[in-house]
1. With every protein chain left in place and a probe of 1.4 Å, what is the accessible surface of residue A:67, to the nearest 10 Å²?
2. On a full-extension model of 0.36 nm per residue, what is the gain between residue B:181 and residue B:85, subtracting their alpha-carbon distance, rounded to one decimal in nm?
3. Can you show me the helix-derived [θ] at 222 nm for chain B, built from DSSP H runs with n ≥ 4 at -39,500 (n - 2.57) apiece and divided by the number of residues, rounded to the nearest 500.
4. Convert each backbone phi in segment B:195-204 into a coupling constant with the Karplus relation 6.51 cos²θ - 1.76 cosθ + 1.60 (shift: θ = phi - 60°), then list the ³J(HN,Hα) values in order as whole Hz, x for Gly and Pro.
5. What is the extension gain from residue B:19 to residue B:204, computed as 0.36 nm multiplied by their sequence separation minus the C-alpha to C-alpha distance, in nm to one decimal?
6. Counting only protein heavy atoms, what percent of the accessible surface of segment B:133-233 is carbon or sulfur at a 1.4 Å probe?
7. Please give the average number of partner chain Cβ atoms lying within 10 Å of the Cβ of each residue in B:195-208, rounded to a whole number.
8. Per residue, how much accessible surface does segment B:133-233 expose to a 1.4 Å probe? Answer in Å², no decimals.
Amino acid sequence: MFFIRDLFYIAAFFYLLSLGICILCRGKLILFFRCLLFIGLFANLLSITGRYYFSWPLMPMYQVPFFLPLVIGVLLFKTIWHKQAGCMLLVCALCLLSMAAVFFPNDFYLPFLESRTFFSHLFFLAGIVGQACFIIAGAHALVHIRLCRTNSGNGQAQKLEKSKNRVFPGNRIRTSRWVVWGFAFWTISMFSGEIWSYLGWGSPVVWDDAAILTAMATWFYYTCFLHLHLQKMWNSQRQAYAAVFGAVLTLIFNFYPDLGKFKFPDLNHLFQSLRTIL
Amino acid sequence: MKKIWKALGSIRLTIIVLLLLVCDLAGGYASLRGSEKIFKPLNDLGLIEWISTYGKTYPGHTVWFFALFVLLFLLAVNTFVCTTDRVFVLIENRKHFLNRLRFFLKFSVHIMHYALIIILIGYLVSYLYAVTCSNMIIALNQDSMIPGTKIRVLLQSIDIDYYQGDRLDFLNDRACKVKADLLLTADDKQTSKTIGLNDPFWFKDLSFHLNDFAPRYKSGMQRQPYISLIIKKDPGMKLYFSGTVFFLAGLIMYLYQWFLLQSRKGEEI
């Protein structure tokens, strides 16, 4: 188990390094940035594979913070790899999420026997993908807001018109696409939870865990978002703000409850493991 | 009448209700954390009895639940009115669709809306009319009568697999899989059923779920083998699961329409 945690420390470290390269050497050392990020993602993948391996066929408990950076990284691999608009923001998000998992781990809970079903795993994994999609949508929306502000702040009306056609709709469409995918996965997760709950306890809603309410709140928020979007009831700016707010809400409602108390990472064990390997 | 119908189907009402639901559920989360014991009996007692006992006794903790109830009712009415209006408009304009598939896929959103109403009705029926026996303990070879029925149940055997290995350290010598064979007798007819964790069975409108069992440990003090069952008669179950299936079908149709048809033309969703 500690080796799995060590791997995650390594992943977080490489995410941080890649962010440093991204900030310090804008446009340069792309290959180096890619290598660092790839190592980070690979270490994260090994870490979560280990977590699943050591709990299978049961569902790993409170592991969302360890899975989320990898899922975001994989879903946005192309954007980050080619350093497209919003790349730095996304790498920054990866770092923050992984740091939260490193310093506030909650992975001490043992899996429970009732989680031995296909639906519990679908509930868990689809939920993570859903959360990742909502956060990515928020990141794209933030890029959209920043571009709008930069151009309108410079008073470059013509440029704004041009970029509206070129960059802004791109980010807007991306935002809504990620929200649709996020909504689909979130719905699948909630329905899987409903089936699991029925199979295990005979009721579609189990009131043992308050997290069910925040999951429902997230679902209703994005239902509202999609209604406003599909009815074309707002402009792109408002939509972008709503997507950013949704991402923050997703983090507070679903990511934060999976975090534990502050704990300084056990670096001694990491160094011992590295020494043994080397 | 028309004005009321229009107001009830307004999209603005949808948005307001949805946002209020988000706020209410956020408040509910804060209230439910640490006071789960107030809401746990809701599944066993049913809504009416729960309201008259726990609901009234702890109003500070349960007020969000009553607000949720009202908001969900409003949402269901609003969804029904709004969707019905749009379905009629869509059917009236069916001649404008050259492609039948496209016309059919246009119903995806409406299917999801109606499915949500079915799910909500299913939950309501379940919480109003479900009968639950929440903890029926049956020892090995013991024959028991299910309360409120004429069904007898006998635990014939219980087969527990204990984990032996290095991979799952925490599970060593602990039960990892359980199967119990039950003999049910109703109207002088006998039926054999097998039950496991997350593996219920259905018999004469009743669903049987394995809640607990013993012995859970291979070593240490040995307990007498028994199982604890949750037995439930839930008339809402078929409704909310059919609603779930419809919702998923609508969602798949919507994604298909959006992903395959619209993205080809580069349209914005």
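The values are calculated or read from the model by the stated rules, or taken from the named source; none is laboratory data. Because the structure is a prediction, the values reported are computed rather than measured. Cβ sites come from the backbone with ideal geometry, for glycine too, and all protein chains shown count toward neighbours. The accessibility values were calculated without ligands, DNA or RNA, using every heavy atom of the protein model including side chains. Shrake-Rupley method; radii C 1.70, N 1.55, O 1.52, S 1.80 Å.
1. Approximately 10 Å² for this residue.
2. On the way: separation 96, 0.36 × 96 = 34.56 nm, distance 5.23 nm.
So the extension gain works out to 29.3 nm.
3. Working: 9 runs with 123 residues, N = 269.
Taken over chain B, the calculation gives -14500 deg cm²/dmol.
4. 10, x, 5, 6, 10, x, 9, 10, 8, 6
5. On the way: separation 185, 0.36 × 185 = 66.60 nm, distance 4.20 nm.
Answer, rounded to one decimal: 62.4 nm.
6. Carbon and sulfur atoms account for 45 percent of the accessible area of segment B:133-233.
7. Working: counts 0, 2, 8, 14, 4, 5, 0, 0, 0, 0, 0, 0, 3, 1.
Mean partner-chain Cβ count within 10 Å for B:195-208: 3.
8. Working: 5360 Å² over 101 residues.
For segment B:133-233, the per-residue accessible area is 53 Å².
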